[in-house]
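No value in this document is a laboratory result; all are computed from the given coordinates. Quick caveat: nothing in here was measured; it's all calculated off a predicted structure. Heads up, the Cβs are rebuilt from the backbone with ideal geometry, glycines too, and the neighbour counts pull from every protein chain shown.
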Amino acid sequence: MTTREAEIERMAVRWIVGAHTGLSSKTIWAVMMGVPCEHPSAPYDRDDSWRCARLLAFIPEWRARLDEVPVAYPHRLWAWGIAELKDEAWCARLLATHWRTYEPTPALADDHAQRA
């Protein structure tokens, strides 16, 4: 293990016990760490996306590996989540404004309603 890999692992352990985690960000964390996720989930609203963006800001190397998430947990909502989270400028805006609306985007709300 390289020095940077060891540092990333330490950062990941610090992040998972932090205050700002959610199911979708924990799903990303689990895939990146190579462990199963008990309740895998995709981002449902801007707050979920904010927690995912925060994780990727904390460990930016994981952004390049985001395509591993929908492979590990095939979930059609990840198509939206991954595209947004790969966009560094979008994530930066999200983190800067720290949206806390809890309002799902229309496409995600429709998808969740269909499953209910």
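Give me the number: length gained by fully extending residue 93 to residue 33, i.e. 0.36 nm times residue separation minus the C-alpha to C-alpha distance, one decimal in nm.
The span from residue 93 to residue 33 would gain 18.9 nm if fully extended.
Starting from the stretch 1-103, pick out the trypsin sites (Lys or Arg not before Pro) whose DSSP state is loop and whose Cβ has at most 12 other Cβ atoms within 10 Å.
For trypsin sites (Lys or Arg not before Pro) across the stretch 1-103 that sit outside H, G, I, E and B with at most 12 neighbouring Cβ atoms in 10 Å, the list reads 76, 100.
What are the GluC sites (Glu not before Pro) within the stretch 1-91 that DSSP puts in a loop, where the Cβ has at most 10 other Cβ atoms within 10 Å?
Of the GluC sites (Glu not before Pro), the ones in loops of the stretch 1-91 whose Cβ has at most 10 other Cβ atoms within 10 Å are 38.
How many angstrom separate the Cα center of the stretch 1-16 from the Cα center of the stretch 36-72?
Here the two parts' Cα centres lie 16 Å apart.
Going through the stretch 22-102, which chymotrypsin sites (Phe, Trp or Tyr not before Pro) have at most 11 other Cβ atoms within 10 Å and a DSSP loop state?
102
What does the charge count near residue 88 come to, summing +1 for each Lys or Arg and -1 for each Asp or Glu among other residues with Cβ under 15 Å from its Cβ?
On the way: positive: 54, 63, 65, 86, 93; negative: 61, 84, 87.
Local net charge: +2.
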